[in-house]
């Protein structure tokens with residue numbers, strides 16, 4: 001079919017979020033709601049958590065876990081993207097979603113927190129013509145890094161689960177009554193992280209050993 005598939009794989013074990021059949025369907029579509037990670041079925045989401053890439057997906061799911069702990073009433077939709085070209089309008093790329101399909105996934109007016117393994121500007125360039133682009137907030141690579149732990153590299157680029165939770169709190173009006181407490185809790189977790197890696201030279205156990213709990 002004149003396609004070239006490039007697979008980039010690290011040397012470390014990675015979580016497997018989908019069964020083989022589900023992965024085939026997801027990769028064929030290029031984008032989709034992860035219903036098992038979402039809790040908005042049958043209602044409008046309060047926020048859309050979008051992710052592309054292995055680490056951003058892990059951090060997004062960990063952020064969703066934290067949101068369920070701190071704000072269980074919050075309706076969260078998780079959208080995972082494996083084909084970035086689906087973000088473009090269909091007239092710009094054959095893989096692009098129609099306006100209706102894009103709005104169905106991302107809504108027309110809800111906040112979108114997008115975690116991406118590359119430069120945030122690329123996501124904005126792909127989606128600038130979409131109806132809900134004004135509500136899109138992208139976290140990605142900021143060229144921040146040093147010799148440190150794997151999770152701290154994510155923190156240095158503000159792509160970690162704690163910053164993602166803060167992004168949600170800042171953009172969802174329904175969380176205004178909890179905002180101060182959740183932001184402080186996330187700030188405290190970041191302080192704990194920095195202290196721990198200085199003392200132990202590795203990430204905290206609850207970071208290293210985190211698994212999807214639902």
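General observations
- When residue 114 is tested against (1) closer than 21 Å to residue 177 by Cα; (2) in a strand (DSSP E or B), only condition (1) is not met.
- Check on residue 137, over 13 Å from the mean Cα position of the chain (by Cα), within 17 Å of residue 47 (Cα to Cα), at pLDDT 95 or above and surrounded by 14 or more Cβ atoms within 10 Å (Cβ to Cβ): no
- Options 193, 177; residue that is surrounded by 12 or more Cβ atoms within 10 Å (Cβ to Cβ) and either in a helix (DSSP H, G or I) or free of Cβ contacts under 8 Å to residues at least 60 places away in the same chain (or both): 193
- Residues that are touching a residue at least 60 places away in the same chain (Cβ under 8 Å) and touching a strand residue (DSSP E or B) at 6+ places or on another chain (Cβ under 8 Å) number at least 1 in the following helices (runs of 4 or more DSSP H) confined to the range 1-106: 54-70, 99-106.
The values are calculated or read from the model by the stated rules, or taken from the named source; none is laboratory data. Everything numeric in this text was worked out from a predicted model, so none of it was measured. Every residue, glycine among them, receives a Cβ derived from its backbone with ideal geometry; neighbour counts consider all protein chains shown.
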